[in-house]
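Beneath this line is the structure, given in structure tokens, with notes to follow.
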Amino acid sequence: SGATLKNAFKNKFYIGTAMNLPQVHETDEKSVGIIKNQFSSIVAENCMKSMFLQPEEGKFFFDDADKFVAFGEKNKMFIIGHTLIWHSQLPNWFFVDKDGKDVSAEILKQRMKNHITTVVTRYKGRVKGWDVVNEAIMEDGSYRKSKFYEILGEEFIPLAFQYAQEADPNAELYYNDYNEWYPGKVQTVIKMVKNMKSRGIRVDGVGMQTHVGLDTPSINEYEKAIVDYASAGVKVNITEMEISALPSPWGTSANISDTVEYQAKMNPYTKGLPENVKAEWENRYLDFFRIFLKHQDKIRRVTLWGVTDAQSWKNDFPVKGRTDYPLLFDRNDQAKPVVKKIIQLTKEK
Ligand code: G3I
């Protein structure tokens with residue numbers, strides 16, 4: 001009932017959400033109803049990651065991913081595939097040869113190609129955009145020392161894009177990362193994108209995950225990153241957004257982090273957010289959406305990393321068992337007041 005996010009952003013950019021398994025299987029009916037009403041794009045939170053799609057070499061499991069894609073088609077959504085090449089949630093066999101040693105560069109390329117080709121071909125023309133490579137660059141701009149990098153060097157990234165492009169020439173292809181506003185990371189990602197483009201390898205977008213808190217990043221440094229990425233000649237996707245309302249534990253020394261006092265300090269709002277924090281959190285969302293609207297010519301999609309607070313991975317990260325309030329819908333499947341305010345922003349000139 002009433003105005004929806006999907007309608008409000010119709011002529012601006014796609015507005016999306018991640019879907020977890022109970023949503024893909026449509027057993028969580030309430031949040032599935034929200035997804036159908038409110039969102040124009042979907043991405044799978046987990047079920048299209050390589051450990052689930054290819055748990056054993058050559059043995060693919062597509063049941064969940066098939067359901068996810070069918071749901072998106074049935075509801076006329078812009079369907080995103082997440083993610084083809086990532087060092088995490090990757091099956092153990094991927095880098096290991098018969099003798100338990102690291103595979104050769106040739107074999108790793110073959111495995112990457114086979115995984116990408118099989119998955120992208122299956123959903124050719126239906127999944128409209130792929131996070132081809134996820135989280136390969138560090139905050140200081142160096143390459144993450146993953147097995148992909150150790151065995152193939154920087155080339156593993158262009159190779160992945162090339163394989164994806166060959167499998168579905170019409171799908172949009174993205175590089176996706178977190179802490180995406182760090183200047184060192186921005187510079188290296190831009191360099192990488194330009195390098196691929198100059199070699200005729202298509203890259204359509206950079207994904208800014210946007211797992212943010214109340215204080216970090218500053219809205220100015222975040223906006224600068226949007227502008228900088230777009231200047232490399234790609235679209236910007238906001239791919240995994242949520243705003244944690246909880247204090248960040250980063251920088252706490254390990255020896256105090258197990259104490260009861262510390263756990264309580266890290267999880268202060270188990271009975272709901274105090275009004276002042278709620279207001280701060282709401283304003284923070286509005287600040288981000290103002291920036292998205294201001295740069296709507298650069299932005300293809302804004303995706304939230306889940307529907308309701310109950311489902312958010314932030315309840316268990318970076319401290320386990322917390323009560324966080326990062327998403328747009330509450331634990332009773334109700335839209336928070338901020339949803340109306342975000343919709344209102346789209347009407348301002
Ligand atoms: O599949 C097992 C299940 O069998 C088991 O019963 C259950 C018990 O904990 O765990 C299940 O695995 C969980 C998996 O999600 C699937 O639900 C893992 O414990 C859990 O750690 C894993 O977390 C996911 C995380 O990626 C893994 O790195 C989160 O749900 C997901 O939100 C998160 O998403 C990532 C993006 O893909 C990339 N960017 C960062 C983002 C947040 O970490």
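Just so you know, all these numbers are worked out from the coordinates, no wet-lab data involved. Just so it is clear, the structure is predicted and the values come from calculations on it, not from any experiment. All Cβ positions, glycine included, derive from the backbone under ideal geometry; neighbour counts span all protein chains shown.
Got a sec? Which of K98, K74 is more than 21 Å from the chain's Cα centre (by Cα), of a type outside the set (F, W, Y) and closer than 23 Å to W305 by Cβ? Walk me through how you get there before you give the answer.
Numbers: K98 fails: closer than 23 Å to W305 by Cβ.
Answer to the check: K74.
Could you pull out the residue among K109, K49, K74 that is within 13 Å of the ligand (Cβ to nearest atom) and farther than 18 Å from E172 by Cβ?
Step by step, each of K109, K49, K74 is checked, and only K49 is within 13 Å of the ligand (Cβ to nearest atom) and farther than 18 Å from E172 by Cβ.
Only residues in the range 295-319 that are free of Cβ contacts under 8 Å to residues at least 24 places away in the same chain and under 19 Å from T17 (Cβ atoms) count as the first member; pair them with residues that are within 12 Å of the ligand (Cβ to nearest atom) and in a helix (DSSP H, G or I), Cβ under 9 angstrom, at least 6 apart or cross-chain, and list the lot.
These pairs meet every condition: D309/N315.
Give, as residue ranges, the helices (runs of 4 or more DSSP H) completely inside the range 141-258 that count at least 2 residues that are farther than 20 Å from K109 by Cβ.
183-198, 219-231
Quick check on this structure: which one of F78, F71, F61, F94 is hydrophobic (A, V, I, L, M, F, W, C) and touching a Pro at 6+ places or on another chain (Cβ under 9 Å)?
Step by step, each of F78, F71, F61, F94 is checked, and only F61 is hydrophobic (A, V, I, L, M, F, W, C) and touching a Pro at 6+ places or on another chain (Cβ under 9 Å).
Going through the range 8-34 one residue at a time, which ones are away from the ligand (no atom under 16 Å from the Cβ), surrounded by 15 or more Cβ atoms within 10 Å (Cβ to Cβ) and part of a helix (DSSP H, G or I)?
A8, V32, I34
Are any residues in the range 301-341 in a loop (DSSP other than H, G, I, E, B), surrounded by 19 or more Cβ atoms within 10 Å (Cβ to Cβ) and of a type in the set (K, R), and if so, which ones?
Looking only at the range 301-341, we keep the residues that are in a loop (DSSP other than H, G, I, E, B), and these are 305-307, 312, 317-328, 330-334, 336.
Now restrict to residues that are surrounded by 19 or more Cβ atoms within 10 Å (Cβ to Cβ): 305-307, 312, 319, 322, 324-328, 336.
R322, K336 - these are the residues of the range 301-341 that are in a loop (DSSP other than H, G, I, E, B), surrounded by 19 or more Cβ atoms within 10 Å (Cβ to Cβ) and of a type in the set (K, R).
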